[in-house]
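Engineer: Below: one structure in structure tokens.
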Amino acid sequence: MPKLGKSTYIKSYYSATATTVEDLPMLRGELEADVCIIGAGYTGLSSALHLAEQGLSVTILEAEKVGWGASGRNGGHVGTGQRVDQQTLEKKYGLDVAKQLWNFGLQAASLVEELIKKHQIDCDLKQGILHVAAKSADADYMKQSTENLKNNYAYEQVQFIEKAEIDNMLGTNKYFAAQLDNGSMHLHPLNYALGLAKAAKKSGVQICENSRVTSYTNEKTGTGNIVIIQTASGRVSAKNMVLACNGYLGKLEPKVAGKIMPINNFVLATEPLKEELARSLIRDDVAVQDSLFVINYWRLSADNRLIFGGGENYTKRFPNDIKAFVRKYMLNIYPQLESTKIDYAWGGTLAITMNRMPHFGQLADNIYYAQGYSGHGVPTTTFAGKLIAEAICGNPERFNTVANLPSPSFPGGTLLRWPGLVAGMLYHSMLDKL
């Protein structure tokens, strides 16, 4: 078996600046565990860490390497709330449920910060996300949202910013207003995942890389059900199993595959910028994301590179030239970067749901899943892991609150979801351009 190392990650700014990378063993032979988790992204790592802290034996099976998927490739934004705004949640579920979901969002962001501090994870954590209005109507909505959060949720870490101040904060005149959330954060996502893995291993979790799960069965025994999880080179027998695959679920579990749609998003990293230029782009070193349906998002890295995400596609293939694909979105906002060198560009796969809310649930008393984070993944996945651990340990109340939310399937299931999604995305993309 050839030695596997850092080169197995895709080439990105994150993999080039990754810390504590290890080559973890492939599963060989048979293992037993209280819990087997499929996937070593944030959901799986957080589940494992919290379960191990409760004294359970845990094995993670990862098809590639820790944080290889979206957990190691995303924009690094750690937002409060949910992917869906509070006004919409109030209309869909009522004020009481909306407040509960808001509190979950606050707890999720706090959990990320708590884990980073507790386990001394070096991941360039910074404070603040600025949501900018790409259309004049969005400015009015942001103002209402800010007042709603302050008046109905007692949230004082948010403020509405007028256009003149936005022009000074971002060095562009593209936006009409903004909402600054000082309770949100941003970080180096792969180093955060690697830090969670290190903490999980220290707590006794066994992580097997290059161990793609090919099938599983839930078998009855005299003392209860046992899940048998099979890979090409071994198998795990576990009392409980967690599906933490998200956009990489594939055909492993058809019963929940129709609830999510894998999509691809793309990111670039410029060369390091001089301090004066970096501060002219983002004066206060916050992360930024706009209000378009297919959003642009950006922030500065620890070494003053602009990390910019823009554009997505809905096929199994990435663009041939990702640098050029994303660069046009960046230059639309910052034409002054025309001559700036792009050092890295990469893509990743995430999973969205029809209603953009996460999809939690159980396939059996001893099989749990969480997926469909819809671009709000860093805090929500971390929190999902904790809620899964609570449920397995006999405290399912918070997990069930999310699991009980309606989660519609994509029309036509996995066969027809793609053309329907593309048609919808093209429609919203046209509205963005208008």
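The values are calculated or read from the model by the stated rules, or taken from the named source; none is laboratory data. Quantities reported herein were computed from a predicted structural model and do not represent experimental measurements. Here the Cβ is made from the backbone with ideal geometry for all residues, glycine too, and neighbour counts use every protein chain on show.
Engineer: Looking only at helices (runs of 4 or more DSSP H) that lie completely in segment 74-162, which have at least 3 residues being touching a strand residue (DSSP E or B) at 6+ places or on another chain (Cβ under 7 Å), at pLDDT 95 or above and closer than 23 Å to Val288 by Cα?
Structural biologist: 95-118, 136-153
Engineer: Of these, Ala324, Ala384, Ala391, which one is in a helix (DSSP H, G or I), touching a Pro at 6+ places or on another chain (Cβ under 9 Å) and of a type outside the set (Phe, Trp, Tyr)?
Structural biologist: On the way: Ala324 fails: touching a Pro at 6+ places or on another chain (Cβ under 9 Å); Ala391 fails: touching a Pro at 6+ places or on another chain (Cβ under 9 Å).
Of the residues listed, the single one that is in a helix (DSSP H, G or I), touching a Pro at 6+ places or on another chain (Cβ under 9 Å) and of a type outside the set (Phe, Trp, Tyr) is Ala384.
Engineer: Continuing with the same structure: Can you work out which of the residues in segment 136-189 that are charged (D, E, K, R) and under 26 Å from the mean Cα position of the chain (by Cα) is surrounded by the fewest Cβ atoms within 10 Å (Cβ to Cβ)?
Structural biologist: In this case the residue turns out to be Glu156.
Engineer: Tyr427 - would you say it is within 26 Å of Asn296 (Cβ to Cβ), among the aromatic types (Phe, Trp, Tyr) and at pLDDT 95 or above?
Structural biologist: no
Engineer: Could you grab me the full set of residues in segment 239-264 that are farther than 15 Å from Trp68 by Cβ and in a loop (DSSP other than H, G, I, E, B)?
Structural biologist: Lys251, Leu252, Glu253, Gly258, Lys259, Ile260
Engineer: Kindly check whether there is at least one residue in segment 106-118 that is farther than 23 Å from His50 by Cβ, touching a Lys or Arg at 6+ places or on another chain (Cβ under 9 Å) and touching a residue at least 60 places away in the same chain (Cβ under 8 Å).
Structural biologist: As a first pass, look at segment 106-118 and keep what is farther than 23 Å from His50 by Cβ: none.
There is no residue in segment 106-118 that is farther than 23 Å from His50 by Cβ, touching a Lys or Arg at 6+ places or on another chain (Cβ under 9 Å) and touching a residue at least 60 places away in the same chain (Cβ under 8 Å).
Engineer: Tell me which residues, restricted to segment 302-344, are touching a Phe, Trp or Tyr at 6+ places or on another chain (Cβ under 7 Å), small (Gly, Ala, Ser) and touching a residue at least 60 places away in the same chain (Cβ under 8 Å).
Structural biologist: Listed by number, the list holds a single entry, Gly309.
Engineer: Could you grab me the full set of residues in segment 341-358 that are over 13 Å from the mean Cα position of the chain (by Cα) and in a strand (DSSP E or B)?
Structural biologist: Ile342, Asp343, Tyr344, Ala345, Trp346, Gly347
Engineer: For Tyr192, work out the one condition from (1) more than 30 Å from Leu300 (Cα to Cα); (2) outside any loop (DSSP other than H, G, I, E, B) it doesn't fulfil.
Structural biologist: (1)
Engineer: Moving on. Can you work out which of the residues in segment 363-390 that are over 12 Å from the mean Cα position of the chain (by Cα) and surrounded by fewer than 24 Cβ atoms within 10 Å (Cβ to Cβ) is nearest to Leu194 (Cα to Cα)?
Structural biologist: Result: Lys386.
Engineer: Go through segment 29-47 and give me each residue that's in a strand (DSSP E or B) and either without any contact (Cβ under 8 Å) to a residue 40 or more places away in the chain or buried (at least 24 other Cβ atoms within 10 Å of the Cβ) (or both).
Structural biologist: Applying the first criterion (in a strand (DSSP E or B)) to segment 29-47 yields 29-38.
The answer is Val35, Cys36, Ile37, Ile38.
Engineer: Could you check how many residues of segment 394-422 are modelled with pLDDT of 95 or more, within 21 Å of the chain's Cα centre (by Cα) and assigned to a helix (DSSP H, G or I)?
Structural biologist: Looking only at that region, the number is 6.
Engineer: Further question: Taking Leu273 and the conditions (1) of a type in the set (A, V, I, L, M); (2) in contact with a helix residue (DSSP H, G or I) (Cβ under 7 Å, 6 or more places away or on another chain); (3) at pLDDT 95 or above, which numbered condition does it fall short on, given that it satisfies the others?
Structural biologist: (2) is the only condition that Leu273 fails.
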